[in-house]
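Enquirer: One structure is given below, represented as structure tokens, and several questions about it will come after.
The values are calculated or read from the model by the stated rules, or taken from the named source; none is laboratory data. From a predicted model like this one, the values you see are computed outputs, not experimental measurements. Cβ atoms come from the backbone with ideal geometry, glycine included; neighbour counts cover every protein chain shown.
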Ligand SMILES: O=C(O)CCC(=O)C(=O)O
């Protein structure tokens, strides 16, 4: 179904995600695909063991070639259609499921649940997912729980998501990998873009195909100037890889500030500013259940 401009915004607000079809021509993503597959081929096996459920977690900050994607006019148009202004970037990953690999655990990615805006319609962070091939249930497409960005779900109680044992798939029978009532399959064509509220509970099906399934996830923050200052400070810290709770490898990574001048300048307008003398919003990855709708 092709959605119009208002439908996309409505769906994002109500269900926590939406899909923009044919945002990119396949050839516009060919360089990104080449760089991503090369980065994957150079990964030490231990990385994939450690991230068996995700498949891989490669910070794109190490690859200035991603400047073309981060500031791509087609993404800018998507943000415009969603009514976003003053959108800033914090980080991005190459997340790639090898052939015959397990499901990605159910999780949500929001870390600012301590702030009251997390319980409102204001969206502080979105994921932008760009799959580098068509996806379907068979090769590990995304699955989501529509509306879970604003409503309580049993999975909110599960504190294991993002832990080491769950990433390594130490217990494949854990409910975090299984189908859940109400889940929605989000299959896409190469060139489509999925936008989601960071609060949305999501995961991915196992990749049961004989092809790698590769995704670029980018994190952006709409209407940045309207976010509380401690949140802006935390976003800036994520951007400079300071104390990121889920990502100890990030300390060794480059930041976009160190990219060669040409690439850095092309993405500079998306860099998050940092308010002076403001302590960062504490990491808080679990909603306060009394504050969230039932
Ligand atoms: O691998 C996928 O399809 C989803 C990745 C994901 O959940 C994320 O980037 O937060």
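Enquirer: If you go through region 82-119 one residue at a time, how many are within 15 Å of the ligand (Cβ to nearest atom) and over 23 Å from residue 143 (Cα atoms)?
Expert: Residues meeting the conditions: 2.
Enquirer: Determine which member of the set 96, 30, 91 is touching a helix residue (DSSP H, G or I) at 6+ places or on another chain (Cβ under 7 Å), more than 25 Å from residue 171 (Cβ to Cβ) and outside any loop (DSSP other than H, G, I, E, B).
Expert: 91
Enquirer: If residue 84 passes every condition in (1) more than 18 Å from residue 127 (Cα to Cα); (2) touching a residue at least 40 places away in the same chain (Cβ under 8 Å); (3) crowded, with 18+ Cβ neighbours inside 10 Å but one, which one does it miss?
Expert: (1)
Enquirer: Could I ask something else about it? Quick one: in region 207-227, which of the residues that are in a loop (DSSP other than H, G, I, E, B) and more than 18 Å from the chain's Cα centre (by Cα) is nearest to the ligand (Cβ to nearest atom)?
Expert: The extreme case among them is 212.
Enquirer: Give the number of residues within region 1-48 that are within 21 Å of the chain's Cα centre (by Cα), more than 20 Å from residue 133 (Cβ to Cβ) and touching a residue at least 24 places away in the same chain (Cβ under 8 Å).
Expert: 8
Enquirer: Please determine whether any residue of region 127-139 is away from the ligand (no atom under 12 Å from the Cβ) and buried (at least 21 other Cβ atoms within 10 Å of the Cβ).
Expert: Within region 127-139 (the criterion being away from the ligand (no atom under 12 Å from the Cβ) and buried (at least 21 other Cβ atoms within 10 Å of the Cβ)), the answer is no, since none of the residues qualifies.
Enquirer: Another question about this same structure. Does residue 35 qualify as being assigned to a loop (DSSP other than H, G, I, E, B) and touching a helix residue (DSSP H, G or I) at 6+ places or on another chain (Cβ under 6 Å)?
Expert: Here the answer is no, as residue 35 does not meet what is asked.
Enquirer: Quick one: is residue 188 touching a strand residue (DSSP E or B) at 6+ places or on another chain (Cβ under 7 Å), in a loop (DSSP other than H, G, I, E, B), modelled with pLDDT of 95 or more and within 21 Å of residue 57 (Cβ to Cβ)?
Expert: Against the criterion (touching a strand residue (DSSP E or B) at 6+ places or on another chain (Cβ under 7 Å), in a loop (DSSP other than H, G, I, E, B), modelled with pLDDT of 95 or more and within 21 Å of residue 57 (Cβ to Cβ)), residue 188 qualifies.
Enquirer: For residue 76, indicate whether it is over 28 Å from residue 283 (Cα atoms) and assigned to a loop (DSSP other than H, G, I, E, B).
Expert: Spelling it out, it is not the case that residue 76 is over 28 Å from residue 283 (Cα atoms) and assigned to a loop (DSSP other than H, G, I, E, B).
Enquirer: All but one of (1) in a helix (DSSP H, G or I); (2) more than 15 Å from the ligand (Cβ to nearest atom); (3) surrounded by 20 or more Cβ atoms within 10 Å (Cβ to Cβ) hold for residue 238, so report the exception by its number.
Expert: With (1) in a helix (DSSP H, G or I); (2) more than 15 Å from the ligand (Cβ to nearest atom); (3) surrounded by 20 or more Cβ atoms within 10 Å (Cβ to Cβ) applied to residue 238, the lone miss is (2).
Enquirer: Determine if region 158-169 includes at least one residue that is touching a residue at least 60 places away in the same chain (Cβ under 8 Å) and under 19 Å from residue 12 (Cα atoms).
Expert: no
Enquirer: Considering only region 147-163, state which residues are within 15 Å of the ligand (Cβ to nearest atom) and either touching a strand residue (DSSP E or B) at 6+ places or on another chain (Cβ under 7 Å) or outside any loop (DSSP other than H, G, I, E, B) (or both).
Expert: Of everything in region 147-163, those that are within 15 Å of the ligand (Cβ to nearest atom) and either touching a strand residue (DSSP E or B) at 6+ places or on another chain (Cβ under 7 Å) or outside any loop (DSSP other than H, G, I, E, B) (or both) turn out to be 149, 155, 161, 162.
Enquirer: Which count do you get for residues in region 105-129 that are in a loop (DSSP other than H, G, I, E, B) and either on the phi > 0 side of the Ramachandran plot or in contact (Cβ under 8 Å) with a residue 60 or more places away in the chain (or both)?
Expert: Residues meeting the conditions: 12.
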